[in-house]
Amino acid sequence: MPARQHAARGRLWGKFAKHRLVLNLFKDPGWLPRMGDGRTEHRASSSPAVAASSEAEEIEVLESVDVLPMAPEDHWKVLFDQFDPDNTGYISTDNFWKLLHSHGAELDPHKLEVLFALADSNSDGKICYQDFVNLMSNKRSNSFRRAILQGNRRLSSKALLQETGLSLSQRLIRHIAYETLPRETDRKWYYDSYTGCPPPWFMIAVTVLEVAFFVYYGLVLDRFVLQVTHPLYLKNSLIYHPQLRAQAWRYLSYVFMHAGIEHLGLNLALQLLVGVPLEMVHGTLRIGFIYVAGVLAGSLAVSVADMPAPVVGSSGGVYAIISAHLANIVMNWAGMKCHFKLVRVAVALLCMSVEFGRAVWLRFHPSTYPPCPHPSFVAHLSGVLVGITLGVVVLRNYEQRLQDQSLWWIFLSIYILFLLFALFWNIFAYSLLDLKLPPLP
């Protein structure tokens, strides 16, 4: 190969070394880069003519890639590979420190602290690339929790609560972080990574629908307080009624109907004040799962434990979320930095107790349309059980894959077994017990 072409190739290789991974997507699979000496090897080419053609092709590819964008993972992979020429997937802790110090300006400051903690916490002297990528891409993984919990770590900046000059939205995000997360590194991570997209739409959408259905039926029945006492209240397609249990949607749709404005008001206040911040932190999928699991468990529990009674209201889902949040606060009491913790927990428990007491009183109050009883209170209890089992596991594992947690699989298995038991109970138990159900409204 002529010396001028060789020199041009060398300059191009140095200029575009950071695009090595992207080049491999365009080049022949037989082309293998060697990070150690900067040379290339062609396994399939043996003749000088083919080799020269390959070299010219390589220069053309290098020139064409100059305008291609590089994904963040590819960028960090190139940097990581500079310290891992043998492609083992690991680099030494010392080299990892060099990488962070030389390129740390490209990172969010609080994310950089977590990476420093990861380097400090590794006692085996090496860092896994996958752990590094998981942290960089905000994936829920064990590496995040390991970086927080293991070893001594040096956090370089002051606490998030001491930062000044924040805008109103930044102060709101910081407030939510301190309301819901017990560890300072978790709070900083959330503060840096939260973008507001997607918004907490699930809890807001459920709230809007509940209000809309309540207003509609309030106008139809001409009653807003204790709607459940109206003779026509149960004549709709949403409420769970034991005679209509074959209509499967009723096991979930009852959430949009409430006994009255006193029932609706307290549930909405709890799910907005607690549910929306939790959804902002843990995501729609996780909080929505807890809420729906509590709702479904509520109707199924009533069909097993209080068979003649109907079910209305969102208390199953609300109690699941509130119970999970309160249990998480109690279990991480020292780490939770929200103001007036004891008073707020006491107020939340008082509100839940008042609502539960109202439900118990209403259940045993003489019905206005005998022999059908008033709605059951068992959904409240089942919601609490879902919250302190599945809910606690979700809230305790911020930015961590749930499938890596043994408790998650244990509680999920118990929940699924309960669903299967309740399903067979609804199919066979009512006929076997020869239970006389109240007539349809």
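The values are calculated or read from the model by the stated rules, or taken from the named source; none is laboratory data. Keep in mind that this is a model prediction, so the values were computed, not measured. With ideal geometry, Cβ positions are generated from the backbone for all residues, glycine too; neighbour counts draw on all protein chains shown. Accessible surface areas use protein heavy atoms only, side chains included; no ligands, DNA or RNA. Shrake-Rupley method; radii C 1.70, N 1.55, O 1.52, S 1.80 Å.
Looking at the range 298-310, is at least one residue in contact with an Asp or Glu (Cβ under 7 Å, 6 or more places away or on another chain) and at negative phi? The answer is no, given that none of the residues of the range 298-310 is in contact with an Asp or Glu (Cβ under 7 Å, 6 or more places away or on another chain) and at negative phi.
Conditions tested, residue by residue: (1) under 17 Å from the mean Cα position of the chain (by Cα); (2) at pLDDT 90 or above; (3) surrounded by 19 or more Cβ atoms within 10 Å (Cβ to Cβ).
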position: 366; (1), (2), (3): no, no, no
position: 372; (1), (2), (3): no, no, yes
position: 377; (1), (2), (3): no, yes, yes
position: 380; (1), (2), (3): no, yes, yes
position: 389; (1), (2), (3): yes, yes, yes
position: 397; (1), (2), (3): yes, no, yes
position: 409; (1), (2), (3): yes, yes, no
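Examine the range 289-303 for a residue that is open to solvent by 20 Å² or more (accessible area, probe 1.4 Å) and part of a loop (DSSP other than H, G, I, E, B), and state whether such a residue exists. No; the residues of the range 289-303 include none that is open to solvent by 20 Å² or more (accessible area, probe 1.4 Å) and part of a loop (DSSP other than H, G, I, E, B).
Which of the residues spanning the range 193-212 are over 26 Å from residue 364 (Cβ atoms) and not aliphatic (A, V, I, L, M)? Step through it out loud before you land on a result.
Start the filter on the range 193-212 by keeping residues that are over 26 Å from residue 364 (Cβ atoms), which leaves 193-209, 211-212.
Correct list: 193, 194, 195, 196, 197, 198, 199, 200, 201, 202, 207.
Just give me the residues in the range 304-324 being part of a loop (DSSP other than H, G, I, E, B) and not hydroxyl-bearing (Ser, Thr, Tyr), in sequence order. Let's see the steps before the verdict.
Of the range 304-324, the ones part of a loop (DSSP other than H, G, I, E, B) are 306-310, 312-314.
Passing the criteria: 306, 307, 308, 309, 310, 312, 313.
Selection of the range 325-341 for residues being surrounded by 16 or more Cβ atoms within 10 Å (Cβ to Cβ), of a type in the set (A, V, I, L, M) and either in contact with a strand residue (DSSP E or B) (Cβ under 8 Å, 6 or more places away or on another chain) or in a helix (DSSP H, G or I) (or both) yields 326, 327, 329. Would you check if residue 225 is crowded, with 18+ Cβ neighbours inside 10 Å and either part of a helix (DSSP H, G or I) or assigned by the TED database to the domain that holds residue 294 (or both)? Criteria not met by residue 225. Please indicate, with yes or no, whether at least one residue in the range 213-230 is at pLDDT below 90, farther than 24 Å from residue 318 by Cα and of a type in the set (S, T, N, Q). Within the range 213-230 (the criterion being at pLDDT below 90, farther than 24 Å from residue 318 by Cα and of a type in the set (S, T, N, Q)), the answer is no, since none of the residues qualifies.
Say whether the condition of being in the same structural domain as residue 318 (by the TED database), assigned to a loop (DSSP other than H, G, I, E, B) and farther than 16 Å from residue 182 by Cβ is met by at least one residue in the range 380-393.
Restricting attention to the range 380-393, the residues satisfying the condition of being in the same structural domain as residue 318 (by the TED database) are 380-393.
Imposing the further condition that a residue be assigned to a loop (DSSP other than H, G, I, E, B) reduces the set to none.
No, the conditions are met nowhere in the range 380-393.
Residues in the range 248-261 that are surrounded by fewer than 18 Cβ atoms within 10 Å (Cβ to Cβ) and either over 31 Å from the mean Cα position of the chain (by Cα) or on the phi > 0 side of the Ramachandran plot (or both): 261 alone. Just one residue in the set 238, 166, 219 is more than 24 Å from the chain's Cα centre (by Cα), surrounded by 13 or more Cβ atoms within 10 Å (Cβ to Cβ) and assigned by the TED database to the domain that holds residue 279; that residue is 238. Determine whether the range 276-298 contains at least one residue that is at pLDDT 95 or above and touching a strand residue (DSSP E or B) at 6+ places or on another chain (Cβ under 8 Å). Yes, some residue in the range 276-298 is at pLDDT 95 or above and touching a strand residue (DSSP E or B) at 6+ places or on another chain (Cβ under 8 Å).
All told, residue 344 falls short of being open to solvent by 40 Å² or more (accessible area, probe 1.4 Å), over 30 Å from residue 437 (Cβ atoms) and under 22 Å from the mean Cα position of the chain (by Cα).
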